[in-house]
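The values are calculated or read from the model by the stated rules, or taken from the named source; none is laboratory data. Just so you know, these numbers come straight off a predicted model, no measurement behind them. All Cβ positions, glycine included, derive from the backbone under ideal geometry; neighbour counts span all protein chains shown.
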């Protein structure tokens with residue numbers, strides 16, 4: 001009995017070995033599952049040259065590309081953005097020099113000149129005094145008058161050293177204030193012109209791109225003035 005069982009096992013193993021190696025395909029018509037698929041190798045194109053890139057290496061490259069594109073877009077947007085810039089004020093005597101400086105840089109009709117009325121400044125004034133001792137005596141006298149306000153004048157040179165008892169933008173107001181000072185006993189005060197009323201010019205470029213702003217910043221304008229953002 002034992003010999004028969006051993007013989008059956010040997011025959012079964014031999015049959016399985018022959019079937020698994022395909023020796024019985026033509027006899028029984030059932031083929032074992034094959035893990036070999038040679039047709040897939042034929043479908044590969046230069047398989048030896050393929051390189052697998054890790055995901056961690058591909059991500060930074062993609063991020064760098066996106067950052068570069070964003071930076072280029074921002075630069076282009078900045079270059080195309082325009083702002084309003086202006087310079088001044090300039091006097092009527094300075095305006096020809098300003099125009100001669102701007103013409104080589106700005107195209108016609110890209111800039112305007114606006115006239116601005118500047119009010120004058122008048123002072124109720126005492127002085128100028130010959131020395132500091134006389135100025136000190138006058139200061140002592142004025143401090144004794146209750147409710148009186150005044151300031152020392154150090155410029156311009158033709159009025160220094162002196163004392164101002166008030167600043168006014170209209171000559172009529174300065175004269176009225178002088179009359180009031182005389183009623184309070186101040187006899188040596190008078191009205192002087194610190195700055196006459198005048199009309200000045202402001203140069204404005206309504207749409208200056210970045211290249212125009214750079215060019216304007218290099219210009220030498222009267223009194224060392226330069227272009228800045230337009231005031232509201």
Taking into account only those residues within region 187-214 that are closer than 13 Å to residue 111 by Cβ and surrounded by fewer than 15 Cβ atoms within 10 Å (Cβ to Cβ), which is farthest from the chain's Cα centre (by Cα)?
206
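At pLDDT below 90 and within 22 Å of residue 201 (Cα to Cα): is that true of residue 108 in this structure? Outline the logic, then answer.
On the way: at pLDDT below 90: yes; within 22 Å of residue 201 (Cα to Cα): yes.
When the stated conditions are applied, residue 108 passes them.
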(1) under 22 Å from residue 140 (Cβ atoms); (2) in contact with a strand residue (DSSP E or B) (Cβ under 7 Å, 6 or more places away or on another chain) all hold for residue 184 apart from (2)
Would you say residue 171 is touching a residue at least 24 places away in the same chain (Cβ under 8 Å) and either more than 30 Å from residue 134 (Cβ to Cβ) or surrounded by 17 or more Cβ atoms within 10 Å (Cβ to Cβ) (or both)?
no
